[in-house]
Amino acid sequence: MTAKNRSKRSCDYPMLSFEEAWRRISGALKPLPPVQEPLESVTGLALAGDVIARENIPPFAASTMDGYAVISGDASCERSIAGEQHAGVKLDLAVTEGTAVRIMTGAPVPAGADAVIPFEQTAEANDRVRLLSIVGPGDNIRAIGQDIAAGETVLKKGSVLGPAEIGLLAMLGHSQVPVHPRPRVSVMATGDELIPIHAIPRLGQIRNSNAPAIATALRVCGFDAVALPQTVVDDAAALERAIVEALSDSDMLITSGGVSMGTRDLVKSVLARLGEILVGRVAIKPGKPLTFAMIHGKPVFGLPGNPVSSLVCFEQFIRPALRRMSGLRLLGRPCVDVRLEQGLRHDPDRTEFQRAIVERDPDGFTARGNGPQGSSRLKSLSGANALFVLPAGTGDYPAGSRVMALLINQPEASEDLPTGSLVRKFQSPWG
Ligand code: AMP
Ligand code: MG
């Protein structure tokens, strides 16, 4: 295909605001259909249905202390020891007036007993125990169903499965869990100039750094690339073949490069032929040529090739998109209000995401840019813990002024993305 017969040039796509681009992307995505997965492999996934307890926890009255099971109303302060009850074994022991049973934490309370007195409050000699303090009915006993009652909703649909949730599911005997699966993602770097990491570049060639960077960005948010990222040359037929093949085996495709205005930037036109482009240009910096298409119901993100643009767009669009497809409710990173140590230049035509370092000080947060902000300068992202969100329509920011910073090392804390107009609503996670 030549530049002349391309169906639509990049500049024919409307320039969308950051907010509108995300609205289109999120509107096209929904959680993947639920599947049953073994408990061992659901860490971090969203539960696809409510979990109702089928049992009481604890299922039997259990001692919460190591001590003696007794009848609390028994007036005698010395009892003969009728035996010993460990956790895990149910003996036929019973407590009657004048007797006590030695009992360990977690053991079933023997018939007749209504309290446990801890060892520390007793003195034992010659198979007899003296009670040094008073116990009342129910003391140091976990009643049946005290922690979880049968029929209770223990976990709600959409809960994120972390250690406590997985512990609860195990406690209740759920070895298989209904979850939204993680999307399977293919990554494809495009560009005639790309060579493998181990190769020595000839003039004009560069190493493909985006593929491992994007694969790592995926891994950091809990997703693995389907296969090792492949490299495709700037040729429409080769791109089309590779895109079709990648999509046949994945729920999402991420490409890098080839979405700008150059005559060899062919990704947009190939995507337009295969499906529908919903986002073709966005008024953001970096990442103006960001492209989003749906092809046979599957999302494709065309990231710009510049290393910073591709990772910033991953952070702003792909990470929340993957979370949405995974059924996770929280999509937006936390934002804080920071005081600028140095002034910032800002182009009012675009919402800008400048790489920054935020630090806490006694008065709140201070921040500085992480060096020159060119979209090829990957060092600006290395060590950055935040992105300044400088909304379109605002100009330069003098030193000492306040801006919002998106904390890119903190877990998602809000259902909305902190887009320019929403930025003011966001609260610091530290209050
Ligand atoms: P493009 O988006 O294809 O116009 O590329 C923009 C810039 O990013 C060019 O300087 C490319 O050489 C560079 N670039 C494209 N793909 C990659 C990649 N996979 N790794 C590193 N740099 C890239
Ligand atoms: Mg290129």
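Quick note: the coordinates plus some simple rules give every number you see, no bench work behind them. All values derive from a computational prediction rather than experimental measurement. Counting neighbours? That spans all protein chains shown, and the Cβs are built from the backbone with ideal geometry, glycine included.
For segment 171-231, a crude dipole built from +1 on the beta carbon of Lys and Arg and -1 on the beta carbon of Asp and Glu, taken about the Cα centre, is about 100 debye to the nearest 20. Who wins for biggest fluctuation among Leu381, Leu253, Leu131 in a Gaussian network model of the chain, springs between alpha carbons below 10 Å? Per the Cα network of the chain with a 10 Å cutoff, Leu131 tops the list. In sequence order, segment 356-367 has phi-based couplings of 9, 10, 9, 10, 8, 9, x, 9, x, 10, 10, 8 Hz under the Karplus curve 6.51 cos²θ - 1.76 cosθ + 1.60, θ = phi - 60°, and Gly or Pro positions carry x. Of Ser80, Ser380, Ser63, the residue with the greatest mean-square motion in the GNM of the chain, using alpha carbon springs below 10 Å, is Ser80. Rounded to the nearest whole Hz, the Karplus-based 3J(HN,Hα) values (6.51 cos²θ - 1.76 cosθ + 1.60, θ = phi - 60°) of segment 326-333 follow the sequence 8, x, 7, 7, 8, 10, x, 5, with x at glycine and proline. All C-alpha pair distances within segment 119-199, sorted into 10 Å bins from zero, spread as 11, 22, 14, 16, 16, 8, 6, 5, 2 percent across the bins.
Which log10 I(q)/I(0) values, to two decimals, does segment 335-422 give at q = 0.12, 0.13, 0.17 Å⁻¹ under the Debye formula with one point per Cα? For the requested q values the scattering log ratios are -0.33, -0.39, -0.68.
Per residue, the convex hull around the alpha carbon atoms of the chain comes to 196 Å³.
What length, rounded to one decimal in nm, is gained on full extension from Thr216 through to Ser382, with 0.36 nm per residue of separation minus their alpha-carbon distance?
Full-extension gain reported as 58.4 nm.
Highest average first, the peptides 37-45, 113-121 ordered by how many other beta carbon atoms sit within 10 Å of their residues are 113-121, 37-45. Secondary structure note: in the chain, about 70% of the DSSP beta bridges are antiparallel.
Restricting to Cα pairs below 8 Å that are 6+ residues apart, what does the relative contact order work out to for the chain? Please round to a whole percent. In percent, rounded to a whole number, it is 16.
Positive end of the dipole of segment 218-338 (Cβ unit charges, origin at the Cα centre): among Pro307, Gly327, Ile295, the Cα lying farthest that way belongs to Gly327. Charge tally for Asn56 (other residues, Cβ to Cβ under 12 Å; Lys, Arg +1; Asp, Glu -1): -1.
Going from the residue with the fewest nearby Cβ atoms within 10 Å to the one with the most, Arg184, Arg54, Arg79 rank Arg54, Arg184, Arg79. Note on segment 62-142: dipole from Cβ charges, positive end direction compared against Gly138, Leu91, Tyr68; the farthest Cα belongs to Leu91. Which residue fluctuates the most in the chain, going by a Gaussian network model with Cα springs under 10 Å, if the choices are Val109, Val232, Val244? Greatest mean-square fluctuation among the candidates belongs to Val109. Counted by neighbouring Cβ atoms within 10 Å, the residues His86, His296, His174 run from fewest to most as His296, His86, His174.
For Ser309, Ser175, the sequence from fewest to most other C-beta atoms within 10 Å is Ser175, Ser309.
Can you figure out the FRET efficiency of Val35 with Ala236, using R₀ = 35 Å and their beta-carbon distance, to the nearest 0.05? Working from the Cβ atoms, E equals 0.45.
The dipole here belongs to the chain: it is taken about the Cα centre, uses +1 on the Cβ of Lys and Arg and -1 on the Cβ of Asp and Glu, and is about 2440 debye.
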